[in-house]
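K.L.:
The structure under discussion is supplied below as structure tokens; questions concerning it will follow.
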Amino acid sequence: MLFDDPNKFSSISDRKKLLAANVPRSLIDSVISQYWFHDWGNSFIAFPRHAEFLQAYLVKTKANIFSRFDFYSFFFKTAVSDFEKNRKTLQQIALVFELMHTDQMSLSEFEDLLKEIKAPSQLTLVYFKNNQLVSDVSEKGKRTVKWLHHTLTEYLAADYILSQKDPISTSGKFMIYDNPGLTTLKPSWNGVLRFLLEQNPELFVGWVLDFVSKYPDSLNDNLAEILVYTTPVSIEPTLKTRLFRFIFDSYQKRKSWIPVWARLHLYKFIVPETYKELKGNVDAESYVHRGNIAATVGGMLQNNHELMTAGERKHWKEKLIAYANDKNDNGVLQRNALDVLENYTGETDIISRVAINAESSDSLVREAFIRMCQKVDPNHPESVRFFVQAIADDRAHIYARNALYDITSAPGVKTLLRHFAESPKLIHQFLDKESIFNKEDVHADQKLIYHIRKVLDDEIVTLAIKIIIEALSGDRNYDAGNSYFIRQLVMMIMSRQKDYIYKFTKQIKDLDPKKKDNLFINDVEGIFAVLLTPDDIEPLQKILTPDLHRHAPFVLQQAIWQALHGGNAYGEEILQRGIALGITQDMRNTPAIDYQKKREWDTYRQFQQYLNPPEKGQYFPDVFRMYAQSREVIEKYWSQAEKKRLIELAIESNLDKIEPEKIKVRYKNQASKSGQYTISSIAAYFPQVLQVIQMLEPSALQRSSNRQKVVNYIPFAYNSEIALIEQIVGEPKDEELKTVNSIMSDHNNDARYLIPQTYIYFVGRFPYLKSPKRVLLSLIADQHLSESDRRYGLKNLKNYLSTDNENDKTFLKGLELKRNGSDDDRRLAEIANAHLITVFKDPDSIDWRFGEIKKRARPYERPESGWSDGADFANEIDLYAFAEPLIELNDEWYLDRFIDLLDFSLTVIDKRDYHEYVNYLWRIAIAFVVRDDYILSVSLIETLRKWGQTHSDRENTNWFAKRLDNAVEKAGSNFGKYYNAHDSLRMINK
Amino acid sequence: MVMDIASSQNYLEKLQDIYPDKDYESLRLNQPDAFNYEVRRLLTGPSLFKLVDKKLCKPGIDNDIYERNCLKIIKETMKNDFSGSVPNHHPQNLNRGKGSKVRDITLEITNHDPHSRWGKIITDHFIRGSGSIVFECKNYSKEPQIPKTHIYQLYQYLNPYEFGKLGIILSRYGRSQLSLGAQEVISRLKLDGYRILIFGDKEMGEWIDEYVKTGRSEGFFHSQVGKSRSYFK
């Protein structure tokens, strides 16, 4: 199962399948890795059918090296009928999809495409579906054709390109986006490029390198990873050197991290000359430079690169230790160095030499340190000490606990158990997190138990006895008695000391009162349940008395039952002995009640009583709620007559008679219009009446008079009911809102104050309506409404504002002026200011907001955990909601104002605790120019790049450039995109 | 803890956008648990903490907002405890009519691991081993005390077969808002195996914190159930 999708294979299932077919392990590794790379959540071979073809391909070809391209060729030839005959047409279709940067299109467009390319009559939607190339999805009445996997079109497009006389120029035609100010490879063609690189690396690596050398900004993380990962080690040496230098130097120049898949595989292209260069830069000043060096060396060490001799390993060990102990507070260099040090298995001196990282303030560094200890030597006393410390302090628990599972030697196990015996904090944290590790079917702690059992001796038994009593008598170890780990220790002791149960009760007796209380709270019965034998019951009855503890007899009783259900081999005998001794009773013969059925029947009976109470002709209005809530159950049992009566009651007795606009609301406190109120009782069940009719007779609600009633109920509806109203009404018209608007505008009608947000929400859903504007203005100005309702109304007013309406502007200005008033006024003023910016482009309002962003500069660092009083600020940093109106000005004219923000960032950039704020300013400026798939102007990207270059001497401005690159890469998915099949075809045939 | 693919990718992009210097892509590949923790610490956690910030959701005033915020917290923090269970929100419309029992928020107990902390809590409070946890939201300002009638009201919603014996009152200032009468009722109900927990903003903070640390809420609930054993002694 892949994640939560039961219809797909995980890489583990794929691996098992291939192993079963005797495919060599190394080949399987290569296959899994190639499909994991850049497609880890949606691999082609996660589809069971594709996995079958893969297996057949590998078995048939007996290939030593896996070629994805060859496998797809095999797949198409084997799985797709008449592939050769239809190949060219399929290629054309795939190219259209690739040019449109999509894997799906509407059915009608797809059928038009087939016609336009004069596809053979055989090539219909049915052909594509039968050959499982596409699926036909229908949503909201719209049918869409979707390729089963994106690699299908990518392969076909690559196949087309390779079949051309000049594949390079054909690639350029499709893949290069060449616009004034921006020339780049289209990121959305990376999948096709990957196939081309795999199939003909000599040709395409050179081509890509030529291109990116000419346009260095076009190298992004995705492209770098594809280039490095895909290119085989066998390419000719000059290309190797060129490729390594280009990628490595580009990232060093940009001072940003080499993306992970690239740095893991760069080792393939390292030759003596480039290795020497790498070593020459080992003491580079920037932590980024050193971090990239460490990661690259890591690839060499991991893959036993031929240049990594014993002497070189030693050299790098010293350097990596120095890197790991670096003082910079970014943490990535330290993480990278610790990751690479994992390759020095058994060289335990490393542990103490980089131990400073155990106390790092960066949790990621602490975890990397734990992992490093685990790999270097998990049995070493120092490693064990760090594992238990991380668990006890709850500072890297998950990694440390996993590390415990690698402790196998007797000294290692004893060191660990000694820590357990001496540290109540460790036991508490270990038990506290147990349920994360020990699931119903998988007990991760089983590994630890297995390793303990293998080296079990008297010393370990003594330690285990101490651990058990400490765990059970510890403060807040509520589930200690049910702990898998503790119970297993108990069993180990039992295997050596048959009378342990009596030693245990003696230990309990000797505990001080507080600890004894703890023990009886911490479910000690779970331990007795494991220890009990039938012969122990009688003696224990005499020991576990109220004299020992007030809960002791109860514990024995519980233990007897738990022994029965918890897997004690003598469970039944123990119970019988307990019954015989009057400790408990056999409750198993109590007849079982089918609660589910009883509940259903009770529900139906209740429904009947509400529908037809003894008083003839009467009913309880609750019948509607009951039906709506328990429809499935009631419909199982009801009669046609009951159904008919319910419909009649809903329509004739209620809908036809109720006039929702006449529902009366009256607040007790007329001065505040809040607090207690009275309301006509029909309001309580009218929505349920509507729901019942919508379920059973929806057409009745579509009569215009009834539709109007539904609309008129809006002032009284709660959020949860508005969806039903929308479902019934669809798109309302202004005339239909006349009555509702009148209620919501009437200061003397308390219904206006009941749930104004429902009205505001509802009208906000339909921006074409005109009539709500007047109502919203009145609500916003009404001091009787809560500030949140007024704020909500003001936000929704945006739909109705127009630049030529001076009154609108004056109204907003009035609100904006109160920005220095109370908190409530300030919030309203900020929304008014936002509208004045986005709708009216008001210069004063714009000035104020830019100024405010600067004024709000403050130091902030995210806490590792726990409550943060800066949560609001953190949210603004993440989402920049306050800056959004400025970002959405979408006009080059304002660029200087954003550059001003960037310049302002330099005034605080050197203060460490202002980094979050600096990031915030940078992201605002970048978002103004490029965000998601929007680019304000290509030339402005250049302006921002230049700003970064101008200030590249300032520390950390490299991350501004990186952030800008990321934004451009993301927006690049639309570069050179074609928006219809017809234009794509014209482009192909050009 | 498995994060779905789309969320994982979105979160990665978000983190890369905010912290390009932290190399989160390699973290996701090499230390997926640490990556998930960073997502909670840096992205979801602050959003959740914000929901119980008294400056942004005012006690005594923003009642609807408080209910919605509680719903969001329950939904996010308990999604890994009861996979597939979505909390139901029932607006407080008791005032609109007589007789209908409407709980603020209910969360159905589904697919929980019987050996987890929840397994224990559920065995103790739900006879059939299934049902729903009932939450009541009280966005009271500091002064008003929660009267005993509110505890009885919550007690009425509970029943061992359907909704279990576990009810939770979410109230801004926590147990300090309980009147003496309410405290007595809670103590009395405890004798019948009913457990009423009261979480103020402080406890909600601890709850969110537990979620940030572990991706689940069971540890927090387990410790609160433990603490409740000594309520008002």
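Any read-out appearing in this document is the output of simple, stated calculations on the displayed coordinates, not a laboratory observation. Fair warning: this is a prediction, and the values are worked out from it, not measured in the lab. Every residue, glycine among them, receives a Cβ derived from its backbone with ideal geometry; neighbour counts consider all protein chains shown.
K.L.:
How about the range A:244-352: which GluC sites (Glu not before Pro) there are in a DSSP loop, with at most 13 other Cβ atoms within 10 Å of their Cβ? Each step should come with its number before you reach the end.
P.N.:
Working: sites: A:E273, A:E277, A:E285, A:E306, A:E312, A:E318, A:E342, A:E347; in loops: A:E285, A:E306, A:E342, A:E347.
Passing both the DSSP loop test and the Cβ count: A:E285, A:E306.
K.L.:
Residues of A:681-690, mean number of Cβ from any other protein chain within 10 Å of their own Cβ, rounded to a whole number? Mind showing how you got there, number by number?
P.N.:
Numbers: counts 3, 2, 4, 8, 3, 2, 2, 2, 0, 0.
For peptide A:681-690, the averaged partner shielding equals 3.
K.L.:
Now for a different question. With the contact rule set at Cα under 8 Å and sequence spacing of 6 or more, what percent relative contact order holds for chain A?
P.N.:
On the way: 1159 pairs, mean separation 68.3, N = 990.
In percent, rounded to a whole number, it is 7.
K.L.:
Also: In peptide B:216-226, how many Cβ atoms from other protein chains are near each Cβ within 10 Å, on average? Kindly include the intermediate steps, with their values, before the conclusion.
P.N.:
Working: counts 2, 0, 2, 4, 0, 0, 5, 3, 0, 1, 6.
Average per residue, whole number: 2.
K.L.:
Oh, and also: Apply the Karplus parameterisation 6.51 cos²θ - 1.76 cosθ + 1.60, with θ equal to phi minus 60°, to every residue of the range A:655-671 and state each ³J(HN,Hα) to the nearest whole Hz, in sequence, with x for glycine and proline.
P.N.:
3, 5, 9, 7, 10, x, 5, 8, 4, 9, 10, 9, 7, 5, 8, 6, 6
K.L.:
Please compute the Kirkwood hydrodynamic radius over the range A:385-469, one decimal place, Å, based on all pairs of different Cα atoms.
P.N.:
Working: mean 1/r = 0.0773 Å⁻¹.
So the Kirkwood estimate lands at 12.9 Å.
K.L.:
I'd like the FRET efficiency for A:K597 and A:N328, computed as 1/(1 + (r/R0)^6) with the beta carbon distance as r and R0 of 51 Å, rounded to 0.05.
P.N.:
Once the sixth-power term is evaluated, E becomes 0.15.
K.L.:
Another one. Can you list residues from other chains, or at least 5 along the same chain, whose modelled amide H is less than 5 Å from the amide H of B:L197?
P.N.:
Those qualifying (amide H under 5 Å, at least 5 residues apart or on another chain) are B:G167, B:I168, B:I169.
K.L.:
Show me A:119-131, A:402-414 ranked by packing, highest mean number of other Cβ atoms within 10 Å first. Let's see the in-between values first.
P.N.:
Working: A:119-131: 14.6, A:402-414: 19.3.
Going by the mean number of other Cβ atoms within 10 Å, highest first, we get A:402-414, A:119-131.
K.L.:
Starting from the Cα of A:K657, step 7 Å toward the Cβ, then list every residue of the range A:676-690 with an amide N under 13 Å from that point.
P.N.:
Residues passing the 13 Å test: A:682.
K.L.:
Next up: Can you work out ³J(HN,Hα) from phi for every residue in the range B:54-68, in order, using Karplus 6.51 cos²θ - 1.76 cosθ + 1.60 and θ = phi - 60°, giving whole Hz and x for Gly and Pro?
P.N.:
For the range B:54-68, the Karplus-derived couplings read 5, 6, 9, 9, 7, x, x, 10, 7, 5, 5, 4, 4, 4, 5 Hz, x marking Gly and Pro.
K.L.:
Can you work out the FRET efficiency for the pair A:N281 and A:I65, with r the C-beta to C-beta distance and R0 = 41 Å, to the nearest 0.05?
P.N.:
Numbers: r = 33 Å, r/R0 = 0.82.
Approximately 0.75, to the nearest 0.05.
K.L.:
Out of A:P715, A:N749, A:S699, whose Cα points farthest toward the positive end of the dipole of the range A:684-754 (charges: +1 Lys, Arg; -1 Asp, Glu; placed on Cβ)?
P.N.:
Among A:P715, A:N749, A:S699, the one farthest towards the positive end of the dipole of the range A:684-754 is A:S699.
K.L.:
Hey, rough spin-label estimate for A:S108 and A:R550, points 7 angstrom out along Cα→Cβ, what's it come to in nanometres?
P.N.:
Rounded to a tenth, the inter-label distance reads 7.8 nm.
K.L.:
Please name whichever of A:V23, A:A464, A:G280 sits farthest to the positive end of the charge dipole of the protein assembly as shown, dipole taken about the Cα centre and charges placed at Cβ: Lys and Arg +1, Asp and Glu -1.
P.N.:
The listed residue farthest towards the positive side: A:A464.
K.L.:
Moving on to the next point. Measure out, as a whole number of angstrom, how far apart the alpha-carbon centroids of the range B:140-213 and the range A:816-840 sit.
P.N.:
39
K.L.:
What shape does the range B:133-229 have by the C-alpha gyration tensor, where a ≥ b ≥ c are the square roots of the eigenvalues, rounded means a/c under 1.5, and otherwise prolate means a/b greater than b/c and oblate the rest?
P.N.:
Working: a/c = 1.88, a/b = 1.21, b/c = 1.56.
Oblate, because a/c is 1.5 or more while a/b does not exceed b/c.
K.L.:
Taking the Cα centroid of the range A:257-334 and of the range A:754-770, what is the distance between the two, rounded to the nearest whole Å?
P.N.:
So the two Cα centres are separated by 60 Å.
K.L.:
Using a simple charge model, +1 on the beta-carbon of Lys and Arg, -1 on the beta-carbon of Asp and Glu, nothing else, what dipole does the range A:671-767 show about its Cα centre, in debye to the nearest 20? Before the final figure, lay out the partial values.
P.N.:
Numbers: 8 positive and 9 negative charges, 18 e Å.
Dipole size: approximately 80 debye.
K.L.:
If the only charges are +1 at each Lys and Arg Cβ and -1 at each Asp and Glu Cβ, what is the size of the charge dipole of the range A:1-113 around the Cα centre, to the nearest 20 debye? Can you show the working numbers first?
P.N.:
Numbers: 13 positive and 14 negative charges, 156 e Å.
The dipole magnitude comes to about 760 debye.
K.L.:
Additional query: Name the long-range amide H neighbours of B:G131: under 5 Å, sequence gap of 5 or more, or other chain; modelled H, no Pro or chain starts.
P.N.:
Correct list: B:I109.
K.L.:
Per-residue Cβ counts within 10 Å, from other chains only, averaged over A:916-923: what number is that?
P.N.:
Numbers: counts 2, 0, 0, 5, 1, 0, 1, 2.
Average per residue, whole number: 1.
K.L.:
What lysines does A:K506 reach when the alpha-carbon gap must be under 20 Å and sequence neighbours fewer than 8 apart in one chain are set aside?
P.N.:
By straight Cα distance, A:K506 reaches A:K466, A:K498, A:K514, A:K515, A:K516, A:K542.
K.L.:
When the Cα atoms of the protein assembly as shown are enclosed in a convex hull and the volume is divided per residue, what value in Å³ results? Each step should come with its number before you reach the end.
P.N.:
Details: hull volume 266.0 nm³, N = 1223.
In the protein assembly as shown, the Cα hull volume divided by residue count equals 218 Å³.
K.L.:
Mind checking the dipole of chain A: about its Cα centre, +1 per Lys or Arg Cβ, -1 per Asp or Glu Cβ, Debye to the nearest 20? Present the calculation step by step, with values, prior to reporting the outcome.
P.N.:
Numbers: 130 positive and 136 negative charges, 220 e Å.
Roughly 1060 debye, rounded to the nearest 20.
K.L.:
With each label point set 7 Å from Cα along the Cα-Cβ vector, what nm distance links A:K165 and A:K447?
P.N.:
6.1
K.L.:
Sequence neighbours fewer than 8 away in the same chain don't count; with that in mind, list the lysines whose C-alpha is under 28 Å from A:K841.
P.N.:
In chain and number order, the partners are A:K770, A:K773, A:K795, A:K798, A:K809, A:K813, A:K818, A:K854, A:K855, A:K946.
K.L.:
Tell me which of A:A829, A:V918, A:Y894 sits at the most positive position along the dipole axis of the range A:825-973, charges placed on C-beta atoms (Lys, Arg +1; Asp, Glu -1).
P.N.:
A:V918
K.L.:
Give me the one-decimal nm value for the distance between modelled label points at A:R856 and A:F904, 7 Å along each residue's Cα-to-Cβ direction.
P.N.:
1.1
K.L.:
Further question: Which whole-Hz couplings ³J(HN,Hα) result when phi for each residue of the range A:750-755 is put into the Karplus expression 6.51 cos²θ - 1.76 cosθ + 1.60, θ = phi - 60°, listed in order with x for Gly and Pro?
P.N.:
Coupling constants for the range A:750-755: 5, 4, 4, 9, 5, 9 Hz.
K.L.:
Related question: Where a Cα-Cα gap under 16 Å defines reach, which lysines qualify for A:K268, not counting those fewer than 8 residues away within the same chain?
P.N.:
Straight-line reach from A:K268, under 16 Å: A:K240, A:K276.
K.L.:
Note the full-extension length gain between A:Y934 and A:K88 as 0.36 nm times their separation in residues minus their Cα-Cα distance, in nm to one decimal. Don't skip to the answer; put the middle values down first.
P.N.:
Numbers: separation 846, 0.36 × 846 = 304.56 nm, distance 3.51 nm.
That works out to 301.0 nm of additional length.
K.L.:
Right, another one. Enumerate by residue number the trypsin sites (Lys or Arg not before Pro) in the range A:460-515 meeting two conditions: DSSP loop (anything except H, G, I, E, B), and at most 16 other Cβ atoms within 10 Å of the site's Cβ.
P.N.:
Values: sites: A:K466, A:R476, A:R487, A:R496, A:K498, A:K503, A:K506, A:K509, A:K514, A:K515; in loops: A:R476, A:K498.
Answer by residue number: A:R476, A:K498.
K.L.:
Then there's this: Hey, with R₀ at 60 Å, roughly what FRET efficiency would A:Q949 and A:Q541 work out to, going by the Cβ-Cβ distance, to 0.05?
P.N.:
On the way: r = 85 Å, r/R0 = 1.41.
My answer for the efficiency is 0.10.
K.L.:
May I pose another question? For the range A:636-710 and the range A:957-990, what is the separation of their C-alpha centers, rounded to whole Å?
P.N.:
54
K.L.:
Quick check: net charge around A:I45, other residues with Cβ under 12 Å of its Cβ, Lys/Arg +1 and Asp/Glu -1?
P.N.:
Details: positive: A:K8, A:R15, A:K17, A:R49, A:R68; negative: A:D14, A:D39, A:E52.
Summing Lys/Arg as +1 and Asp/Glu as -1 gives +2.
K.L.:
Label the range A:328-424 by shape, choosing from rounded, prolate and oblate, from the square roots a ≥ b ≥ c of the eigenvalues of the Cα gyration tensor; if a/c is under 1.5 it is rounded, and otherwise prolate applies when a/b is larger than b/c, oblate when it is not. Please list the in-between numbers first.
P.N.:
Numbers: a/c = 2.20, a/b = 1.38, b/c = 1.60.
Oblate, because a/c is 1.5 or more while a/b does not exceed b/c.
K.L.:
Count charges around B:G60 for me, please; just the other residues with Cβ under 12 Å from its Cβ, Lys/Arg as +1, Asp/Glu as -1. Don't skip to the answer; put the middle values down first.
P.N.:
Numbers: positive: B:K54, B:K58, B:K138, B:K142, B:R172; negative: B:D62, B:E143.
Charge balance near B:G60 sits at +3.
K.L.:
Computed on alpha carbon atoms, what radius of gyration and Dmax characterise chain B, expressed in Å?
P.N.:
Cα radius of gyration and Dmax of chain B are 18.6, 59 Å respectively.
K.L.:
While we're looking at this one, here's another question. Note down the net charge around A:N131, summing +1 for each Lys or Arg and -1 for each Asp or Glu among other residues with Cβ under 14 Å from its Cβ.
P.N.:
Values: positive: A:R49, A:K77, A:K85, A:R87, A:K129; negative: A:D82, A:E84, A:D136.
That sum, taken over residues with Cβ under 14 Å, equals +2.
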